[in-house]
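S.K.: Dropping a structure here in structure tokens format, bear with me for questions.
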Amino acid sequence: MRIEKCYFCSGPIYPGHGMMFIRNDCKVFRFCKSKCHKNFKKKPNPRKVRWTKAFRKAAGKELTVDNSFEFVTRRNEPIKYQRELWNKTIDAMKRVEEIKQKRQAEFIMNRLKKIKSYIKFRISKKSSKTSMLSEPLLQAKGSIWNRKWYSRCKRMWIWKTNQ
Amino acid sequence: MAHYNFKKITVVPSAKDFIDLKLSKTQRKTPAVIHQHYQIHHIGHFYMRKVKFTQQNYHDRLSQILTDFPKLDDIHPFYWTMLLKITRATPSTARQKQSLAYLEQVCQHLSHLPTTDPNTRTPLLCGYPNVGKSSFINKVTRADVDVRSYYLRWQAVDAPGILDHPLEYRNTIVMQAITALAHLRAAVPYVMDLSEQCGHGLREQLELFQNIRPLFINKPLIVVANKCDVKRIAELSEDDQKIFTDLQAEGFPVIKTSTLTEEGVIKVKTKACDRLLAHQVETKMKGNKVNEALNRLHLAVPTRRDDKERPPLIPEGVVTRRKRMEMEEPKKKRERDLELEMEDDYILDLQKYWDLMNSSEKHDKIPEIWEGHNIADYIDPAVMKKLEELEKGEELRTAAREYDSDSETVLENESCSLGVDMDNKGDAHYSVQEKKGEDSAPHSSVAWSRSCPQTPRDVSGLWDVKMVKKAKIMMKNAQKKMNRLGKKGEADRHVFDMKPKHLLSGKRKAGKKDRR
């Protein structure tokens, strides 16, 4: 029993779900749902389709290079079962996952921080241009901007926890 | 040695038929018509051709018959005696008829003979009718296709039951059997019926045996006591038992068989074959040709290189297997046996055959998946080392993060500078991670957050009063048409009257069609 990765969106494919397509050159493509399958048939590169993980990694929106990713590798020679080793591995795995998620979240936060500062810069630029703006509106605008940013943060957090 | 197949001899037609055949053939094959105006030598030619053709045909056919028919001198004395018998059997009147007809009869008789090769070694089964010879053959031939796979094939010959009559009155088939006995190189298992089911008592069978014995002089003989499942030698009377012991004393091995239970059948076969082989070797040795052969032969033996012993290599497995076969150990208990034993309780547990480092762990249930990850991908003997490194790295990082300004405080400071009211910090969005278990249930769904956005839609994306006004005007403009037409919204395409009467009825003049 194995959890595979969807070719298009890089999501997990649990057993009993999804479809598998085998091309004439013996390359195997697995899809988690028909959305991915249909998109694949329409031929665009998943690296250009915004909602896929491949896009996010390629566009630098998510952590790609890290020590914690090296724990997961596909091994060609299976190792004989040893209870001790299996137990240790499972504990290690849990800890590694914790660290991995922390690091990924940190990366995203950093990125958003940068964006935020840029937005702030833009606001200041704009405000220097338009002097007719009233105080309450400025306040409102400011609060709007903040609220937007907060909402973005929250949405990001929600999305992350759902992953 | 050639294998005679008498059935392939060409048919010899009677004299009258022969002539008719040839003439009709000539008629068919040669030109049939002459014309009056032909020159005389041409006509002569024509007839000569016919004559020549007939002559040629006769010659061919007769020579073919002659060549096919076996010469008496060439053939094995087996067949020769057979032929003599046949000539004696055919009535004398037939011989006086034309020779072709006689030949024909002889041929027919020959074709009835069985196709046996007189020079291969044969175990020749003899015995009374109903003694069990045929069943013996069935058993043997089912077990081995060739009786003994030597480089020359063996063949088993079944002699139909020999009745004990004086020689003159025996019928032709029996005569055949007897002639065969005399001339074939055979080992003779003489089959006797112990239980006397064949209808002839033991005494009678023995008498027959003694009668036929002169024919067996040069052949190795075995006495086969068949049907021993019905009656055993030990159960016979003392006199009868004595007979058997006598026989054994004379040098004829007695073997008990039963074609039903297959006891001893193979023994007989092997014994007969072995004895015959030995017999043949003996006769060859005694003959003249042996010395000639011996003079030409020389056995070369290699000289020893050193005193080292070099015994033949027999692998261990073979030795153990041989021992096991001799001792006939009970077989290992198989899964199937176990299944039959346990019946309903049986569960196929293949894990017990696993070869692990610690055999106590054989029956563990091995986990494969955890929280969306495959455990098999993480298994590595060096896992702990890697983990240690990772932990070290993590420690360093956390230390570094503490020196960095805390993201939350930064947030708070900046928002204060922008004029946001920071009093109700408890409800702040950025501190969701502390509030995780409490009221965050409705808030944590993405759908909910989408349906109630924080910025109102009519000002979202707009940063100017002018823009806001314009947006409003645009909105109103878009709605005018809809309102005038009584539509519920922009997606309302409902048609109230599909077929208005004033447009579809009446004459077409005065431009009615223009308004449809």
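The values are calculated or read from the model by the stated rules, or taken from the named source; none is laboratory data. Model, not experiment: these values are computed from the prediction. We place every Cβ from the backbone using ideal geometry, glycine too, and count neighbours over all the protein chains shown. Remember, those area values only see protein heavy atoms, side chains included, never the ligands or the DNA or RNA. Shrake-Rupley method; radii C 1.70, N 1.55, O 1.52, S 1.80 Å.
S.K.: Quick one: which of A:LYS57/A:LYS126; B:LYS487/B:LYS509; B:LYS365/B:LYS386; A:LYS33/A:LYS160; A:LYS5/B:LYS386 span more than 29 angstrom between C-alpha atoms?
M.R.: Values: A:LYS57/A:LYS126 32 Å; B:LYS487/B:LYS509 33 Å; B:LYS365/B:LYS386 26 Å; A:LYS33/A:LYS160 20 Å; A:LYS5/B:LYS386 24 Å.
Among A:LYS57/A:LYS126; B:LYS487/B:LYS509; B:LYS365/B:LYS386; A:LYS33/A:LYS160; A:LYS5/B:LYS386, the Cα-Cα distance tops 29 Å for A:LYS57/A:LYS126; B:LYS487/B:LYS509.
S.K.: Something else now. Can you give me the Rg/Rh ratio for the stretch A:1-60, using Cα atoms for both radii and the Kirkwood formula for Rh?
M.R.: Here the Rg-to-Rh quotient is 0.97.
S.K.: What do you reckon, how do A:TYR7, A:TYR118 stack up by accessible area (1.4 Å probe), largest on top?
M.R.: Of A:TYR7, A:TYR118, the descending order of accessible area is A:TYR118, A:TYR7.
S.K.: Which net charge results for the neighbourhood of B:GLU339, defined as the other residues with beta-carbon distances under 15 angstrom from its beta-carbon, given Lys and Arg at +1 and Asp and Glu at -1?
M.R.: Its environment carries a net charge of -2.
S.K.: While we're here: Put B:LEU23, B:LEU277 in order of accessible area, largest first, 1.4 Å probe: what do you get?
M.R.: Most to least solvent-accessible, the answer reads B:LEU23, B:LEU277.
S.K.: Compute the long axis of helix A:135-162 from its Cα atoms, compare it with the longest principal axis of the Cα atoms of chain A, and write down the angle in degrees, 0 to 90, nearest 10.
M.R.: Helix A:135-162 sits roughly 10 degrees off the main axis of chain A.
S.K.: Past the 18 angstrom mark, what percentage of all C-alpha to C-alpha distances in the stretch A:63-128 do you count?
M.R.: Values: 1296 of 2145 pairs.
In whole percent, the long-distance tail amounts to 60.
S.K.: At 1.4 Å probe size, put B:ASP229, B:ASP239, B:ASP377 in order of accessible surface, largest to smallest.
M.R.: Result of the area sort, largest leading: B:ASP239, B:ASP229, B:ASP377.
S.K.: Just from its helices, what would the mean residue ellipticity at 222 nm be for chain A, if runs of 4 or more DSSP H residues each count -39500 (n - 2.57) and the sum is divided by every residue, rounded to the nearest 500 deg cm²/dmol?
M.R.: Mean residue ellipticity, 222 nm, calculated: -19000 deg cm²/dmol.
S.K.: As a test question: what accessible area, to the nearest 10 Å², does B:HIS37 have when a 1.4 Å probe is rolled over all protein chains in place?
M.R.: Taking all protein chains as shown, B:HIS37 has close to 150 Å².
S.K.: Mind computing the radius of gyration and Dmax over the alpha-carbon atoms of chain A? Å is fine for both.
M.R.: In order Rg, Dmax, the Cα atoms of chain A give 22.2, 75 Å.
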